[in-house]
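Peer 1: Can you read through this structure? Questions will come right after.
Read-outs: derived from the displayed coordinates by stated rules, not from any lab. Since we're looking at a predicted model, the values are computed, not measured. Cβ placement follows ideal geometry from the backbone for every residue including glycine, while neighbour counts extend to all protein chains displayed.
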Amino acid sequence: MYTQDSVRRPLNTVDFLVNALNQNSSRPLLHLSDGETLTVGQTRDSTSQYVQALTGLGVGEGTRVALVSSNLPEVLHAAHATQIVGGVYIPLHPMGSRSDHLNIVGDAEVEWLIFEGGAYDARAAELAAAVPGLKLVALGWTELAEDLRSLAGSMRPQPLKAPMLDPAGIERISYSGGTTGKPKSMASRRATSAALWSIMLAEWEWPRTPRVLSCAPLSHAGGTMFLPTLLKYGTILIHPGFDPLAVLQAIQDYQINCMMLVPTMIYALLDHPRFEEFDLSSLETIFYGASAMSPVRLKEAIERIGPVFFQFYGQAEAPMTVTVLRKAEHDVNNLERLSSCGRPVPWLLVELLDSENRPVPEGEPGEICVRGPIVMDGYRDNPELNAEVFSGGWLHTGDVAIRDADGFLRIVDRKKDMIVSGGFNIYPREIEDTLALHPAVAQSAVIGVPHPKWGEAVKALVVLKPGQTATAEELIALVAERKGRFQAPKGVEFISAIPNTAVGKPDKKALRARHGSL
């Protein structure tokens, strides 16, 4: 335990959490899908019970605890309790594959797996069989393991106190989205997490009293809304998942004023046949990020929902707050501005660098590189990759962007997604944004495929809006007119949907595997 007696001890996330849970105990906090409401005090007491239950199981400082579950309030109680006792929290995405979960549990040397009883019995059994020494405990009754929910419920709530934890200690182990290969492991220190929450509270445009709808996994993006909402005296309506009709209904019924969505969720709302039936006027802020959004569809969203959109940009290595595009900066008359990820927040240093780590001139593409308090320590047990990603004393994000005269960054693509065709560098994002100008196109993904003459050729995978039609020839001509013949797709394939990774990014690795030829 951290024992230095200092009035200047840096605050941890646990300090924020415990201090906030000990105030305004009668105020409603969590609205559950079954109609039940938990107050701040009830949430505090449940967290205290889970702290005692985990302590009784032997979970303490440094214990590595993974969790996989659907959107239950117990996810928050268990995750927060793990952090309060000093454990290392390792979330498993509820939609993650067996191989991804197996890789994470083995790589992170997980000691305890908390899983939703019934729903994840099979996955828990598979992981326990494959990872020697892995101990299981369930949220809910199951024959496979002890019921943590019942164990916690048997405890008498005790005063919740923030322990003296070392700010430099590891609080969480996260994994990259795996869009360019095997997910990479990285550790976050307690001080790093505290900096992230501070930036989110300072730089994000929150409603005065947030009424949040959370439909993303609470173990991941959905859970990031909890602490800011708690600190701002707001409430959270927890949905079991994302269903466009249910979301539209909830916004109207509960007067939701704040949400966090990925672009594909926004597209699904806009394209729902009953969209116009609902009153969405309560919405004040929709935070969006995780992947690029089509500027054409963003313009449509602003015109149909209102000027409520706030973009955040980051990555697992520097989460969520590298740049922001504020609500007032969304200019519907400027598609280039709508394709921007915004400007760097003042808490970080951000530069666009070339391959020699030199700043690039305005208007020229360079890699987004970051320094600051939210940057990861590095990839675990991977010194060669760390030397590469921290070259020159910067975190190299792998995202290529252009800075305009006003300081706004526009990401043109991932370095690893860039297509080299006949010696030309082609950025798929620019072609995807051009394809979105066609009124029939709902979404597209552009990949490079092998070509005997050009080395690589551009292929567009296109999803059409319901009831709309377009031909490959039309789309090729559109790109040729806007971007030039050399960037025009050599092939267009119409598909029903673009697969996403567990974190909401278009899964181009899967697309290349399925559609990787002309």
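Peer 1: When the Karplus curve 6.51 cos²θ - 1.76 cosθ + 1.60 is applied with θ = phi - 60°, which whole-Hz ³J(HN,Hα) does each residue of region 357-363 get, with x for Gly and Pro?
Peer 2: Computed from phi, the couplings for region 357-363 are 6, 9, x, 8, x, 3, x Hz.
Peer 1: Further, regarding this structure: Starting from the alpha-carbon convex hull of region 85-143, give the projected area averaged over all orientations, in nm².
Peer 2: Values: hull surface 16.6 nm².
Over every viewing direction, the Cα hull of region 85-143 projects on average to 4.2 nm².
Peer 1: Can you tell me how much longer the chain between GLU276 and GLU356 gets when fully stretched, taken as 0.36 nm per residue apart minus their C-alpha distance, in nm with one decimal? Spell out each step's value before the answer.
Peer 2: Values: separation 80, 0.36 × 80 = 28.80 nm, distance 5.15 nm.
23.6 nm is the gain from fully extending GLU276 to GLU356.
Peer 1: Here's another thing I want to ask about it. Work out the charge dipole of region 366-518 with +1 on the Cβ of Lys and Arg and -1 on the Cβ of Asp and Glu about the Cα centre, then indicate which of GLY467, GLY448, GLY392 is farthest towards its positive end.
Peer 2: Going by the charge dipole, the pick is GLY467.
Peer 1: Under the classification rounded if a/c is under 1.5, otherwise prolate if a/b is larger than b/c and oblate if not, where does region 161-291 fall, given a ≥ b ≥ c as square roots of the Cα gyration tensor eigenvalues?
Peer 2: Here region 161-291 falls in the oblate category.
Peer 1: Please compute the modelled spin-label separation between SER517 and LYS161, points set 7 Å along Cα→Cβ, answer in nm with one decimal.
Peer 2: Distance between label points: 6.8 nm.
Peer 1: Let me ask you something else. DSSP beta bridges in the chain, what fraction antiparallel, as a percent rounded to 5?
Peer 2: Around 55 percent antiparallel, to the nearest 5.
Peer 1: What residues have an amide H closer than 5 Å to that of LEU67, excluding those fewer than 5 places away on the same chain, when H is modeled at 1.01 Å from N in the peptide plane?
Peer 2: It is ILE90, LEU92, ILE114, by chain and number.
Peer 1: For the chain, which semi-axes, largest first and in whole Å, follow from the square roots of 5 times the eigenvalues of its Cα gyration tensor?
Peer 2: 39, 26, 23
Peer 1: From the phi angles alone, apply the Karplus equation (6.51, -1.76, 1.60; θ = phi - 60°) to region 95-101 and give each ³J(HN,Hα) in whole Hz, x where the residue is Gly or Pro.
Peer 2: With coefficients 6.51, -1.76 and 1.60, one gets 9, x, 7, 4, 5, 5, 4 Hz.
Peer 1: Below 16 Å, Cα to Cα, which aspartates and glutamates can LYS232 reach? Residues fewer than 8 away in the same chain don't count.
Peer 2: Once the sequence-local aspartates and glutamates are set aside, what remains near LYS232 is ASP15, GLU203, GLU205, GLU284.
Peer 1: Compute the whole-percent fraction of alpha carbon pairs in region 1-91 spaced more than 16 Å apart.
Peer 2: 60
Peer 1: Sticking with this structure for a sec: So what is the calculated 222 nm ellipticity per residue for the chain, using -39500 (n - 2.57) for each DSSP H run with n of 4 or more, over all residues, to the nearest 500 deg cm²/dmol?
Peer 2: Mean residue ellipticity, 222 nm, calculated: -8500 deg cm²/dmol.
Peer 1: Over its Cα atoms, what ratio of radius of gyration to 2.2 N^0.38 Å does region 223-309 give?
Peer 2: On the way: Rg = 12.7 Å, N = 87, 2.2 N^0.38 = 12.0 Å.
In units of the globular-protein estimate, region 223-309 measures up at 1.06.
Peer 1: About the Cα centre of the chain, how large is the charge dipole given +1 on each Lys and Arg Cβ and -1 on each Asp and Glu Cβ? Please answer in debye to the nearest 20.
Peer 2: Result for the chain is approximately 260 debye, rounded to the nearest 20.
Peer 1: Another question, then. Could you list the residues of region 182-213 with an amide nitrogen less than 20 Å from a label point located 7 Å from the Cα of ARG8 in the Cα-to-C-beta direction?
Peer 2: Of the residues in region 182-213, 190-192, 194-195 have backbone N under 20 Å from the label point off ARG8.
Peer 1: Also: Among bridges DSSP assigns within region 420-515, what percent are antiparallel (round to 5)? Mind dumping the intermediate values first?
Peer 2: Numbers: 13 of 17 bridges.
Antiparallel bridges make up about 75 percent of those DSSP assigns within region 420-515.
Peer 1: With r as the distance between the Cβ atoms of ALA472 and ALA405 and R0 = 35 Å, compute the FRET efficiency 1/(1 + (r/R0)^6) and round to 0.05. Walk me through the numbers before you get to the answer.
Peer 2: Details: r = 37 Å, r/R0 = 1.07.
Taking R0 as 35 Å, the efficiency between ALA405 and ALA472 is 0.40.
Peer 1: Let me make sure I get this right: for region 420-515, a, b and c are the square roots of the gyration tensor eigenvalues over alpha carbons, sorted descending. Under 1.5 in a/c it's rounded, otherwise prolate if a/b > b/c, else oblate. Which is it?
Peer 2: oblate
Peer 1: For region 287-304, what does the Karplus curve 6.51 cos²θ - 1.76 cosθ + 1.60, with θ = phi - 60°, yield as ³J(HN,Hα) per residue in whole Hz, taken in order and with x for Gly and Pro?
Peer 2: Those phi angles translate into 7, 9, x, 5, 7, 5, 10, 4, x, 5, 6, 5, 4, 4, 5, 5, 5, 9 Hz.
Peer 1: Rounded, prolate or oblate: which fits region 204-415 when a ≥ b ≥ c are the square roots of the eigenvalues of the alpha-carbon gyration tensor, with rounded for a/c under 1.5 and prolate only if a/b beats b/c? All intermediate terms of the calculation are to be shown ahead of the outcome.
Peer 2: On the way: a/c = 2.25, a/b = 1.60, b/c = 1.41.
It comes out prolate by the Cα gyration axes.
Peer 1: May I pose another question? Once R0 is set to 30 Å, what does the formula 1/(1 + (r/R0)^6) return for the Cβ-Cβ distance between SER150 and SER99, expressed as a FRET efficiency to the nearest 0.05?
Peer 2: Step by step, r from the Cβ atoms, then E = 0.40.
Peer 1: Further question on the same structure: Give, in nm to one decimal, the length gained when the segment between SER291 and ASN333 is fully stretched (0.36 nm per residue of separation minus the Cα-Cα distance). Before the final figure, lay out the partial values.
Peer 2: Numbers: separation 42, 0.36 × 42 = 15.12 nm, distance 2.21 nm.
Extra length available between SER291 and ASN333 comes to 12.9 nm.
Peer 1: So if we plug the beta-carbon distance of ASP377 and GLN255 into 1/(1 + (r/R0)^6) with R0 = 30 Å, what FRET efficiency do we get, rounded to 0.05?
Peer 2: Step by step, r from the Cβ atoms, then E = 0.10.
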